[in-house]
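Here's the structure, in structure tokens; my notes come after.
Since every read-out is calculated from the coordinates, none of them should be taken as a lab result. Computed from a predicted structure; not experimentally measured. Here the Cβ positions follow ideal geometry from the backbone for every residue, glycine too, while neighbour counts run over all protein chains shown.
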Amino acid sequence: MTILFKKHTFLFSFIFIIIGWLIYIIAFYPCILSPDPSFQILQFLGIDNKYSYYSILLDNNVIITNHHPVVHTILLGLCTSVGLLFDNINAGLFIYSIIQITVLASTFSYTICFMKKLKISYKYQFICLLIYTLIPVFPFYAMSPVKDVIFGCLIIVYIITISRFIIFKDDMKITNIISILLLNIFIFLFRNNGIHIIILSFPFLLILKSSNRHKILITLVLTLVLYCSYKKILLPYYKITPASIRETLSIPFQQTARYVLYYDNDVSKDEREAIDKILGYDTLASRYNPEKADSVKNEFNRFSTAEDLEKYFKVWFQQFLKHPLVYIEATLNNTYGYFYPFKSNWYIYHHENPVLKQHNFDYHFNSFDNLRQYLTNFGEFFIFIPIIGLTINIGFSTWILFFMISYLLYKRKYKEIICFIPMIVVLLVCIASPVNTYFRYALPNIFAMPTMIAIFLHIVRQKSL
């Protein structure tokens, strides 16, 4: 087996992972639908759903919005439609599962090959292979058609691509430009905030050797042009409504809600009116959940104007000056789990979500109820197992990231830190997100961590510059 692993690393790893996941694939056939992909399927099929009311539609006959990435909605919807052609929605959903399982297993196998190129020990490579195969969060998410899984794979490939230029000092050839450009496109297509990772990390490559700078700049400019064309030309052309601005405002909305809860008597009539036009003042305090902004932002007034938002932010700033501590408390309550290893908001998708059934679609699991329950119990218990449970702990992962970056700073390996910037941006996105300690948002960092540790081990082995 060792010889096969060394000689046929990618193929061996891929088959090994699939065999390890097979019990989950059988037990949870056709897939584990959570609410978000269920609503995406309804959007694709033109069935009215809650996301139809989050924004003012550009065309009432086009209910697909960019709240969830349109490309992922189309991919999921097309697979489902294939099944519906044969009056078997489960078959269509399983087609999507096969695609996602293949992408995820291939990505993990690629990371093992990259570790081999870094000359990381075979023992570490095989440990990583066992992690990918046996830790239940990986097969559970392989069977969960949420946008974050394919996006997480793209981020891993993006990190490896950047690292190759930094570690191996490769020249940027035309094939590299094309492949990176395609990768960047897929990143912003499969996650609305994917462009932020590119903008905040890719320009750092300009500090590399001068022969590559103009090619890197061209690639970045082309990426931004294509992104703007997609957002400002292509989506409006097909009357696809952009995501509501509320999705970017969880932090200030939570701060306002906490302020109203604790300092309602300090709110003037004008301030109340300004807040009410955006969030609905009367129920705001009762809707406030310190660790989840959904109840607050879900009441965002989609008919509010730019002027209404401007007035709201004036009030928001004035209230910050009056009671700044409550704003800090609101943000800490909504984010601390991304740093605190002893905070767990653990869950994995494992239920038959009723959304499709409510619309008379025959989505259902098979008859292996006991097997599903056993796998679910193992998955939910795993994070609490001493030591090995930390491999998927969000806060612990963050501190490993901080340690690696701090050590590289200490060793003055500044260029190499560029490899870790995408993970920092993902963490910033988690901080700006509506939910504290939400695994799905931190998924790219958790999934990428074995690769990042391998990159770190390779860097520290090199002689100081």
Using only alpha carbon pairs under 8 Å that are at least six residues apart, calculate the relative contact order of the range 245-331 and give it in whole percent. 43
Could you tell me the largest-minus-smallest coordinate of the C-alpha atoms of the chain on each of the three principal axes, in descending order and whole angstroms? 74, 58, 49
What whole-number distance in Å separates the alpha-carbon centres of the range 375-407 and the range 196-251? 31
Which value in deg cm²/dmol, rounded to the nearest 500, describes the helix-derived mean residue ellipticity at 222 nm for the chain, given -39,500 (n - 2.57) per DSSP H run of n ≥ 4 and division by the residue count? -20500 deg cm²/dmol
Row for the range 245-331, column shape: gyration tensor on C-alpha, a ≥ b ≥ c, rounded if a/c < 1.5 i.e. under 1.5, prolate if a/b over b/c, else oblate; value rounded
What ranking of 2, 111 emerges when the number of other C-beta atoms within 10 Å of each C-beta is taken as an exposure proxy, fewest first? 2, 111
If each part is reduced to its alpha-carbon centroid, the range 31-51 and the range 295-350 end up apart, in Å, by 26
For residue 241, distant residues with modelled amide H under 5 Å away: 58, 66
